[in-house]
């Protein structure tokens, strides 16, 4: 990238030294059985906004699901990778200087993208990389920062424990969220006692094992629903007694039915 006349590229490293508080890259991925952006980090913070498709952010500390029309925040210097399975993904990533605002999130999180923030990101696509900070383009970028700071967070995150035995359990469930087994079964799988699993899991994740698995299944349910899988099949595959019990759980956690959350309106089974 020519620093005197920078043009947009699809290489994230090209956006780290732009002498402006905010810069943006546009990334499109065709459907693949398993798409992985390998583990990496960058000096700037990143806001990855999912325009189409759904992807998961992974760090050593946890995993975050990013549904369409939501965004994930990654502070600068955090090693992370992104996964998407079986669907086309389109995202707009904003790279933001760490000191651009004192109110930016300090940890990884998924945020709701307000209609205003969505329109501002669309507008920013045509703003030059070396925009006039004192002019209209600079005000658009500053308003983007204000909207990020004010955005509510979405509970689509599972924290990862440090203990190697618990990690083995969590990684097995991340690979197959519908896998059956009660607490005794998973304690045997991790080669530790049930009481030890219960105590360590709460200490290291801040969640009970049961709640962690429910959260993971919620994230997997959203991924499958985004691919068009019927609600009743998702509910059965992930161990719920009925589609209505799954929909009730989803509404309790997310505040909306599955179809409403994904922007499809109301339909049979949620």
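Some values worked out for this structure:
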quantity	calculated
Theoretical FRET efficiency, 1/(1+(r/R0)^6), r = Cβ-Cβ of residue 146 and residue 208, R0 30 Å, to 0.05	0.25
Residue-span extension gain [residue 248 to residue 189] - 0.36 nm each, minus C-alpha spacing	18.2 nm
Cα-based helix-to-principal-axis angle, 209-226 vs the chain, degrees rounded to 10	60
Relative contact order (%) - criterion: Cα under 8 Å, at least six apart; region: the chain	16
Mean Cα-pair separation over length for the range 128-248, i.e. relative contact order, pairs under 8 Å, 6 or more apart, %	22
Most mobile listed residue (60, 79, 203) in the chain, GNM with C-alpha springs under 10 Å	203
Helix 243-254 vs. the chain, principal-axis angle (Cα, 0 to 90°, nearest 10)	40
Rg to Rh quotient for the chain, alpha carbon positions, Kirkwood Rh	1.00
Choice from 235, 45, 63 showing the highest fluctuation, given a GNM over the chain with Cα pairs closer than 10 Å	235
Inter-label distance, nm, simple model (7 Å from Cα along the C-beta direction), residue 36/residue 236	3.2
Modelled FRET efficiency - R0 51 Å, residue 171 with residue 130, Cβ distances, 0.05 increments	0.70
GNM top mover of 253, 74, 66 - the chain, alpha-carbon springs below 10 Å	253
Taking all pairs of distinct alpha-carbon atoms in the range 160-261, Kirkwood radius in angstrom	14.3
FRET efficiency for residue 11 and residue 83, using Cβ-Cβ distance with R0 set to 22 Å, rounded to 0.05	0.65
Spherically averaged projected area in nm², based on the convex hull that wraps the Cα atoms of the range 12-154	7.8
Helical contribution to [θ] at 222 nm, DSSP H n ≥ 4, -39,500 (n - 2.57), averaged over the chain, rounded to 500	-11000 deg cm²/dmol
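Since every read-out is calculated from the coordinates, none of them should be taken as a lab result. On a predicted model such as this, the values are computed, not experimentally measured, just so you know. Note that we place each Cβ from the backbone using ideal geometry, even for glycine, and neighbour counts take in every protein chain shown.
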